[in-house]
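First comes the structure, then the notes that go with it.
The values are calculated or read from the model by the stated rules, or taken from the named source; none is laboratory data. Because the structure is predicted, anything quoted here is derived from the model rather than measured. Here the Cβ is made from the backbone with ideal geometry for all residues, glycine too, and neighbour counts use every protein chain on show. Only protein heavy atoms, including side chains, enter the accessible area calculation; ligands, DNA and RNA are left aside. Shrake-Rupley method; radii C 1.70, N 1.55, O 1.52, S 1.80 Å.
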Amino acid sequence: MITMFQSKPRTLFSPILSLFFLFFFLLITFASKIKHHDNQLHNHDESLTYLWPLPSQFTSGNHSLSVDPSLTVSVIGNGGVADFPTLNLAFDRYKEIIFKHTGYGFGKGLVRKLRERIGVGVGVVSSYNIVTLNIIVHSNIEEQLKLGVDESYTLKISTANESSVAGDATIEANTVFGALRGLETFSQLCSFDYTTKTVKINNAPWSIQDKPRFAYRGLMLDTSRHYLPINVIKQVIESMSYAKLNVLHWHIIDEQSFPLEIPTYPNLWKGSYTKWERYTVEDAYEIVNFAKLRGINVMAEIDVPGHAESWGAGYPDLWPSPSCREPLDVSKNYTFDVISGILSDMRKIFPFELFHLGGDEVNTDCWRNTPHVKEWLQKHNMTTKDAYEYFVLKAQEIALSKNWSPVNWEETFNTFPSKLHPETIVHNWLGPGVCPKAVAKGFRCIFSNQGVWYLDHLDVPWDEVYTAEPLEGIQKDEEKKLVLGGEVCMWGETADASDVQQTIWPRAAAAAERLWSPIDSTSARNVTLTALPRLQHFRCLLNGRGVPAAPVTNYYGRRAPDGPGSCYDQ
């Protein structure tokens, strides 16, 4: 009986007890994983600074400040209170971004006032620490936006003291464009607290001294392979300002289409895909002015003598022959008259001092095989290589006569470096090693190595974009100064309005930090620990601002997420 009594409970109780302990164990394990994951995120918050690009110098504290949804701005110039329209417009834009969850975007505070009137949230916040943003610009006028304009700024956010709950936020800059960069940084310091439903600045006090590492921080946009509507180009420009990029290289025209209106030669835009896929002069003006308000220059490009077949749709005489359509006919003065007319019209639209003349991938077989061009070559005792040089140099003369500094793709430098005008800026793309050679000969250079900074190369991961170094192989300080900076290139063969933004972002941001932040801040051995969480955070910031930036860690750029998950883990 005793044996039976002992064995029966073991038979009945043991499975229940086992299941209970198994369930308890699984519950604890699951909870610990959640807690561990949550702790990991909090550890990131504490150990990294979530500003992109990372400022040159900064210190922070451990206080939290609230920001008044009715935040005002006080702008002071050298002569006292100043009116800088660019800054006033920028403040309004950023205020809408910062306070979007408080109802600012719906009647600019109407929702917040309604909440207070009906008692929702009353008593949660009685006063705010930051009520005014002070901007001090050491100038009396809005400076001309040009290459090398001073973009430095300081941003100081102080905490409240014993006698007052008010803190202080001040941006100080030498130009309005430096102040614009400071506004972007200020906006990234502001975050919405979903518990108190207020905007806060954490880790105050902040003291930031910031300036760009390179003067030229560019993004190339190709509107010939696929037409991009004006509003899409504006969206790209807006998103560039978030990453402190400052040059839009507008590759407007190529062999596939000629979408831009040229009043002097009105038939040129017959080379557009359709009559609805064109840019008027007014459109181009609008893009340039929209970019200027965000501290972004627009560098236009016409790629000659190759990549120009579309020109002949309106003016067939520009082709060597109807069956051999590019390069442009080097034997006719008319060809250069058209180029001069194009540049004269474009000079009225594009004030930036750099103009891109292309010059890449020129296959001269057409010249060799077209009888009248072949005869011209023989008459002038030229080879096709000589004719290529002649064309590029003549185009440079035209650009220089219109007070532009010519930019050319690197093939021109690789083929006849001693003949290029000293003002030439060599644009690298074929691979590494060109900028060191160019600056050694006294030329300025822009870095765009296709192996790392061509965004249409979807298999290039974020970390290879991030670690690419424009000054690689350059040792002398005077030669380093000749590298203006770099540019990521968004070629448009496989990108249109449906996917261009997610192809650009977030990988373009990886290059943006390389071009803005000090090299010692971006050269950690393990960028997966120092940069990846911050880039994921910036990608989510872009998403929150309406920019459809793709996940950071996908094998192929612009691909959608592989499955469910947080924005901050993709």
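Only one entry in Thr370, Thr335, Thr383, Thr364 is more than 26 Å from Asn267 (Cα to Cα), among the β-branched types (Val, Ile, Thr) and either free of Cβ contacts under 8 Å to residues at least 60 places away in the same chain or open to solvent by 10 Å² or more (accessible area, probe 1.4 Å) (or both), namely Thr383.
If I ask for residues that are open to solvent by less than 20 Å² (accessible area, probe 1.4 Å), among the small types (Gly, Ala, Ser) and either touching a strand residue (DSSP E or B) at 6+ places or on another chain (Cβ under 8 Å) or modelled with pLDDT under 80 (or both), which ones from the range 75-102 would you list? If the condition is that a residue be open to solvent by less than 20 Å² (accessible area, probe 1.4 Å), among the small types (Gly, Ala, Ser) and either touching a strand residue (DSSP E or B) at 6+ places or on another chain (Cβ under 8 Å) or modelled with pLDDT under 80 (or both), then Gly77 is the only one that fits. Screening the candidates Gly442, Gly433, Gly359 for the property of being buried (at least 17 other Cβ atoms within 10 Å of the Cβ), at positive phi and not aliphatic (A, V, I, L, M) yields one hit, Gly359.
The set of residues in the range 475-494 that are open to solvent by 10 Å² or more (accessible area, probe 1.4 Å) and more than 26 Å from Lys441 (Cβ to Cβ) comprises Trp491, Glu493, Thr494.
Per the listing Asp345, Asp317, the residue uniquely of a type in the set (D, E, K, R), free of Cβ contacts under 8 Å to residues at least 40 places away in the same chain and within 23 Å of Tyr273 (Cα to Cα) is Asp317. Checked against the criterion of being modelled with pLDDT of 95 or more, in a loop (DSSP other than H, G, I, E, B), touching a Phe, Trp or Tyr at 6+ places or on another chain (Cβ under 9 Å) and crowded, with 17+ Cβ neighbours inside 10 Å, the candidates Glu151, Glu184 yield just one match: Glu151. For the subset of the range 391-411 comprising residues that are aliphatic (A, V, I, L, M) and within 20 Å of Gly306 (Cβ to Cβ), which member is surrounded by the fewest Cβ atoms within 10 Å (Cβ to Cβ)? Looking at the filtered set, the residue picked out is Leu393. Remark: Leu420 matches the filter, which requires a residue to be open to solvent by less than 40 Å² (accessible area, probe 1.4 Å), in contact with a strand residue (DSSP E or B) (Cβ under 9 Å, 6 or more places away or on another chain) and among the aliphatic types (A, V, I, L, M).
Picking from residues in the range 247-293 that are among the acidic types (Asp, Glu) and assigned to a helix (DSSP H, G or I), the one that is least open to solvent (accessible area, probe 1.4 Å) is Asp283.
Close contacts from the range 279-301, counting a first residue that is closer than 23 Å to Thr175 by Cβ and in contact (Cβ under 8 Å) with a residue 40 or more places away in the chain and a second that is of a type in the set (Asp, Glu) and open to solvent by 20 Å² or more (accessible area, probe 1.4 Å), with Cβ to Cβ under 8 Å and a gap of 6+ residues or different chains, come to Arg294/Glu238. Of all residues in the range 451-470, those that are closer than 22 Å to Ala531 by Cα and touching a Cys at 6+ places or on another chain (Cβ under 8 Å) total 4. Note on the range 187-213: among residues that are open to solvent by less than 10 Å² (accessible area, probe 1.4 Å) and small (Gly, Ala, Ser), the one that is farthest from Phe538 (Cα to Cα) is Ala204. The set of residues in the range 515-543 that are out of contact with any helix residue (DSSP H, G or I) (no Cβ under 8 Å at 6 or more places or on another chain), farther than 22 Å from Tyr454 by Cβ, of a type outside the set (S, T, N, Q) and not in a loop (DSSP other than H, G, I, E, B) comprises Ile519, Asp520, Leu529, Arg534. Given the conditions (1) open to solvent by 10 Å² or more (accessible area, probe 1.4 Å); (2) closer than 28 Å to Phe58 by Cα; (3) modelled with pLDDT of 95 or more, and given that Ala497 satisfies all but one, which numbered condition is not satisfied? So the condition that Ala497 fails would be (2). Residues that are basic (Lys, Arg) and surrounded by fewer than 24 Cβ atoms within 10 Å (Cβ to Cβ) do occur in the range 227-238.
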